[in-house]
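Novice: First the structure, which I've put down as structure tokens, then a few questions once you've had a look.
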Amino acid sequence: MDMLNALVSGFLQCFNLSTFNLMMVGIAIGFVVGILPGLGGPTAMALMLPFVFKMSAVEAFAFLLGMTAVTATTGDITSVLFGVPGEPTTASTIVDGHAMARNGEAGRALGAVLMSSLVGAVFAGVALGAAVPIIRPLVLSFGSPEFFMLAILGISFVAALSGEDILKGMVSGGIGLMLATIGLDPISGIQRYTFGQLFLWDGIGLVPITIGFYAIPETIELAVLGTSIAKQEVGELGGVMEGVKDTFRHWWLVIRCSALGTLTAIIPGMGAATTQWLAYAHAVQSSPNKERFGKGDVRGVLGPGAANNSTLGGSLITTIAFGVPASVVMAILLGAFIIQGIVPGPDMLLPPPKGKLDLTYSFVWVIILSNIITVAICFLFLKPLAKVTQVRGSIIIPIILVLIYLGAFAEKNAFEDMIIVLFFGGLGWVMEKMEWPRPPVLLGLVLGPLAENRLFLSTDNYGWAWTTRPGVIGIFVLTLFGIFYPMIKSRRQAQQKIREGTTDQVREEGPASPKLHFNLPTLFTVLVIVMLAIALWQSRNFGYRAGLFPWVIGIPTFILSFGQFARDFYGKKKKKTDGLAMSVETPVEIAPEVVRQRTVSIVLWTIGFFLVIWLLGFSYAVPLTIALYLKFSGESWFITASVTFFSWLFYWGLFEKMLNVPFPEGLLITLFGGGQ
Amino acid sequence: MLHFLCLLIVIAAPSLAHAGEASNVADFYRGKNVRVVVGFSAGGGFDTYARALARHMSRHIPGGPSVTVENMTGAGSLIAANHIFKVAKPDGLTIGHFIGGLFLGQVLGQPGIEFDARKFEFIGAPISDHVVCAMTKASGITSMDRWMASKTPIKMGGIAPGTSTPDNATRILKVALGLPIQLVTGYKGTADVRLAAESGEVAGGCWGWDSVSVTWRKALDSGEAIVVLQANRKTHPELANIPQAIKFAKSEEARRMIDVGIHGDSDIVRTYTLPPGTPKERVMALRRAFDATLKDPEFVADANKSHLNIGAIPVEDIEKDISGLFKLDPALVSKLKDVLYN
């Protein structure tokens, strides 16, 4: 009864006039923050924290949670439309969402992602509310060993993310796990692969890698095709309502992915950056007819769309019940708790007067309400938003380039992150061309540190006895099931097909020609082998503690990559290797020399933009590059002037004036102008 | 003639400068922006405190410049420290806030340090980190007697080697007091250590009372968590009955280790720093502004609300602690190196 009272009281508190207004302000800010890449939930929250002092507790959290709750929703919009992740937590929606936009189905993708986001958020709210009585015993029954096993379970999803070429997928996952070891080893303090660079001590950030991996290849593709983002028009079928209907067509998938997001987020260290990929993998794994994944399958949008929103509820559970922040956003929220004089812990789960359950329930309502409001507002603007995909590429490209570099820089105010973007942009582009799947790299990158850390914490705390804990065995069985069940299932289906007389279309082609292939794909595989070899050679001095993980990951990956080499070299190739490599079919044929010339040109523009930022600083580089690009692509003076002006105004007003982002001065400005 | 002019300026300058100091400083700061470069990410302890200070400091700096906080994260705030030393202009418009444990790190030869702690200008530190060791009741370590009598090593949570708390403090206590301790390091932060303690994975940990007293309040009140030891030059008024670590130290070396590695480190851990060569009158103005802010009733109200304790460490003490680090007996330095990094 008390709980019901708290539930109702929490609901009513949200509708107090000032609370509701503040929630709306929060939603408005979160809306913009979500859409803008680089400007993430954590930054926005930290900037808003000072305003919380003057608010009551319910007001403060309506404001902050309203803001956070919508970032994952509107971040999806940028991912779908531009292929640039609006938030680090919405990168996975690019894979199929942006592919849909390329196919002219931007409206449908947006409709699907918004509707599934709403379902995810409501699910999270309900789960948070329902979990109240069991939160503490549930989380306390998990120790480091169980956290480790869950990370392994997550890593096993690499198989699902690999598309049909498991070998390339596993090598990619291995590369991701190896990339995760860059930085100071948290246990021994030994530097791994830092090359004496301080900015690598904390490892490489997810944001610059994701931006590089997806946004840069997309930009190149756009420039090469010379079209707008949408290459074709697909009338009503590609419309918003179709996407909404998709959500209900694949209702169970959306619910399963919501649950996945909420449950995994309870683990400290598993934020939406991870759960989105798990959800994507689950969507692929559990769906029949996987051929469309990576080329614009709506199911690949629904899964992560739901999960990156439902994660908030799960993270809140650990934050509220234990004061342990499950993610960066939660760490800042914890700061807000403290400002409000509220100590997260068991009290939050007891009905008043003993505890603050009504406040906890008001969180639940804020999450639900703010998402309903956001989605409703979004639907009003979806049609014009989707039109963005029909704007000429030559106008969109310089704007995307600005977003890429702003997004890379502004997350940590680190100049070096722009170099990381360029590096991973190049890598991502080559991987796309060579049909290597990119999602496993990101999954390895986010799960690697969790797995390594918790493995050592487990052995330090329990010796090897941890392997016999029931939770560990349970998750291990689940992992095996996840790996082998799809294999058994597909084998059974294959046998059935043979019995029915239909031939299997996925068959290994024998050595098609007697001659050996030393072409570009082979060269790339050789490059991978060389990099892995260097990494392993470097790791010889790491010692047992810091070295174990690089060895355990690096050696098998090294061996597997030889397998891939053999395959490339002898010309063995699966007939259908696209998998999730996200290559979009080109409807228009472009002459190879034009492709080459356009590729060189856009690559030079991308690198050139970076150089101008380096030499002149953002404030000159942004207008200069945009204007030059527009003019060189033959836009009229009027378009050039107005696009340049508005882009600059946006950059200057928001990033320089409002947010005070400390952009570094250009090298030439400091050398000759003296600067400030 | 030119020489004479120069001479005149040299002689006349100090007295003139003194007279016009206040107005010079005010003229300089008017309409400008002072940046506080925080070496940790937004929302953390360092950042929260810096933002609270920044909100109120403007009023106390002559000329009333705006004060903004920037986060320059990385390498446990070492990137920010190096930036303040090497890159930031010494014009009094950039204040650095990075972890003071790096000063000891310099003496012990921590890799990556590119500053010389003795050349920085210091503004002050708002609070000393009051190290306590807190244990769960379930661990059975409810007092120092029980701890010292334990036959098996007690598992304590840590974050990473070289962090002032919990790792450095725990390692020093283990060696200096001969306590049975097994430091399990690698947790993401003290909140994760606390969760591990609650789930029974570790017995507890040693870190700042300001954090323990707020985040573990409920368990402390109910007796589920117990503070068994404190280590600071002063006994905390809320911890009057909790023994001081240094009393259990048997040798002079052990006492020195605690004094340098825990007590001294705690006082300088939250210093606010200016780049070397910042004009003296601006250093003085910022120091006065810093002190005045800490006494400002509006700041105090904000701080109270966010459970930020105030207990300013005088600049003289900070400078003494830091210069003391460079006069340490080489034997103690190598001992500390051994204890903290191996």
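Novice: For region B:172-226, enumerate the residues that are within 10 Å of chain A (Cβ to nearest Cβ) and part of a strand (DSSP E or B).
Specialist: B:Gln182, B:Leu183, B:Val184, B:Thr185
Novice: Taking into account only those residues within region A:644-668 that are among the aliphatic types (A, V, I, L, M) and at pLDDT 85 or above, which is farthest from A:Glu411 (Cα to Cα)?
Specialist: A:Leu668
Novice: Write out, first by first residue and then by second, each pair whose Cβ atoms fall under 9 Å of each other, whose residues are 6+ apart or on separate chains, and whose first residue, in region A:185-213, is part of a strand (DSSP E or B) while the second is among the polar types (S, T, N, Q).
Specialist: Between residues of region A:185-213 that are part of a strand (DSSP E or B) and residues that are among the polar types (S, T, N, Q), the close pairs are A:Arg192/A:Thr181; A:Arg192/A:Gln538; A:Arg192/A:Ser539.
Novice: Mind checking which pairs have a first residue in region A:654-667 that is more than 17 Å from B:Lys32 (Cα to Cα) and a second that is modelled with pLDDT of 80 or more and assigned to a loop (DSSP other than H, G, I, E, B), Cβ under 8 Å, 6 or more apart or different chains?
Specialist: A:Leu654/A:Leu36; A:Phe655/A:Phe663; A:Pro664/A:Phe415
Novice: Being touching a Phe, Trp or Tyr at 6+ places or on another chain (Cβ under 6 Å) and at pLDDT below 90 narrows it down to one residue among B:Gly186, B:Gly112, B:Gly157; which is it?
Specialist: Result of the check over B:Gly186, B:Gly112, B:Gly157: B:Gly186.
Novice: Need the failing condition index for B:Val175 against (1) among the β-branched types (Val, Ile, Thr); (2) crowded, with 22+ Cβ neighbours inside 10 Å; (3) over 22 Å from the mean Cα position of the chain (by Cα), just the number.
Specialist: That leaves (2) as the condition not met.
Novice: Checking B:Gly162 against (1) facing chain A (nearest Cβ under 8 Å); (2) outside any loop (DSSP other than H, G, I, E, B); (3) closer than 30 Å to B:Pro314 by Cβ, which test does it fail?
Specialist: All conditions pass for B:Gly162, except number (2).
Novice: Of the residues B:Arg51, B:Arg59, B:Arg35, B:Arg118, which single one is farther than 19 Å from A:Ala414 by Cβ and within 11 Å of chain A (Cβ to nearest Cβ)?
Specialist: On the way: B:Arg59 fails: within 11 Å of chain A (Cβ to nearest Cβ); B:Arg35 fails: farther than 19 Å from A:Ala414 by Cβ; B:Arg118 fails: within 11 Å of chain A (Cβ to nearest Cβ).
Result: B:Arg51 is the single residue among B:Arg51, B:Arg59, B:Arg35, B:Arg118 that is farther than 19 Å from A:Ala414 by Cβ and within 11 Å of chain A (Cβ to nearest Cβ).
Novice: Then there's this: Just name the residue that is surrounded by the fewest Cβ atoms within 10 Å (Cβ to Cβ) out of those in region A:130-154 that are away from chain B (no Cβ under 14 Å) and farther than 18 Å from A:Leu349 by Cα.
Specialist: A:Ile152
Novice: So, one more: Pull up region B:140-159, narrow it to residues that are within 20 Å of B:Leu195 (Cα to Cα) and among the aliphatic types (A, V, I, L, M), then point me to the one that is farthest from the other protein chains (Cβ to nearest Cβ).
Specialist: It comes out as B:Ile141.
Novice: Another question, if that's okay. Got a number for residues in region A:346-387 being buried (at least 19 other Cβ atoms within 10 Å of the Cβ), away from chain B (no Cβ under 14 Å) and not in a helix (DSSP H, G or I)?
Specialist: Selection size over region A:346-387: 1.
Novice: Starting from residues that are small (Gly, Ala, Ser) and farther than 17 Å from A:Ile377 by Cβ, keep the ones in region A:27-61 and report whichever is farthest from the other protein chains (Cβ to nearest Cβ).
Specialist: Taking region A:27-61 first, the residues small (Gly, Ala, Ser) are A:28, A:30, A:34, A:38, A:40-41, A:44, A:46, A:56-57, A:60.
Still in the list and also farther than 17 Å from A:Ile377 by Cβ: A:38, A:40-41, A:44, A:46, A:56-57, A:60.
Details: A:Gly38: 14, A:Gly40: 10, A:Gly41: 11, A:Ala44: 10, A:Ala46: 3, A:Ser56: 12, A:Ala57: 11, A:Ala60: 11 Å.
Looking at the filtered set, the residue picked out is A:Gly38.
Novice: Considering only residues of region A:279-338 that are of a type in the set (Ser, Thr, Tyr) and assigned to a helix (DSSP H, G or I), which is surrounded by the fewest Cβ atoms within 10 Å (Cβ to Cβ)?
Specialist: Here the residue is A:Ser286.
Novice: Considering every residue within region A:266-285, establish whether at least one is farther than 24 Å from A:Ala69 by Cβ, modelled with pLDDT under 85, in the same structural domain as A:Phe123 (by TED's automatic domain parsing) and touching a Lys or Arg at 6+ places or on another chain (Cβ under 8 Å).
Specialist: no
Novice: Please state which one of A:Gly75, A:Gly66 is touching a Leu at 6+ places or on another chain (Cβ under 8 Å), modelled with pLDDT of 85 or more and away from every other protein chain (no Cβ under 14 Å).
Specialist: It is A:Gly66.
Novice: Residues that are touching a strand residue (DSSP E or B) at 6+ places or on another chain (Cβ under 9 Å) and more than 14 Å from every other protein chain (Cβ to nearest Cβ): list the helices (runs of 4 or more DSSP H) wholly contained in region B:230-342 that include at least 2 such residues.
Specialist: B:265-268, B:280-295, B:315-325
Novice: On to the next question. Among the candidates A:Gly30, A:Gly83, which residue alone is in contact (Cβ under 8 Å) with a residue 24 or more places away in the chain and within 24 Å of A:Leu128 (Cβ to Cβ)?
Specialist: None of the other options fit; the residue is A:Gly30.
Novice: Same structure, new question: Collect the residues in region B:23-62 that are farther than 18 Å from B:Pro90 by Cβ and of a type in the set (Lys, Arg), keeping them in residue-number order.
Specialist: Listed by number, the residues that qualify are B:Arg30, B:Arg51, B:Arg55, B:Arg59.
Novice: The conditions are (1) among the hydrophobic types (A, V, I, L, M, F, W, C); (2) modelled with pLDDT of 90 or more; (3) in contact with a helix residue (DSSP H, G or I) (Cβ under 6 Å, 6 or more places away or on another chain), and B:Phe28 fails exactly one of them. Which is it?
Specialist: If we test B:Phe28 against (1) among the hydrophobic types (A, V, I, L, M, F, W, C); (2) modelled with pLDDT of 90 or more; (3) in contact with a helix residue (DSSP H, G or I) (Cβ under 6 Å, 6 or more places away or on another chain), just (3) comes out false.
Novice: Scan region A:320-345 and report the pairs whose first residue is more than 9 Å from chain B (Cβ to nearest Cβ) and whose second residue is of a type in the set (Phe, Trp, Tyr), with Cβ atoms within less than 8 Å and a gap of 6+ or a chain change.
Specialist: Pairs that qualify, where the first residue is more than 9 Å from chain B (Cβ to nearest Cβ) and the partner is of a type in the set (Phe, Trp, Tyr), are A:Ile320/A:Phe363.
The values are calculated or read from the model by the stated rules, or taken from the named source; none is laboratory data. Given the structure is predicted, the values throughout are model-derived calculations rather than measurements. FYI the Cβ positions are ideal-geometry reconstructions off the backbone, even for glycines, and counts take in every protein chain you see.
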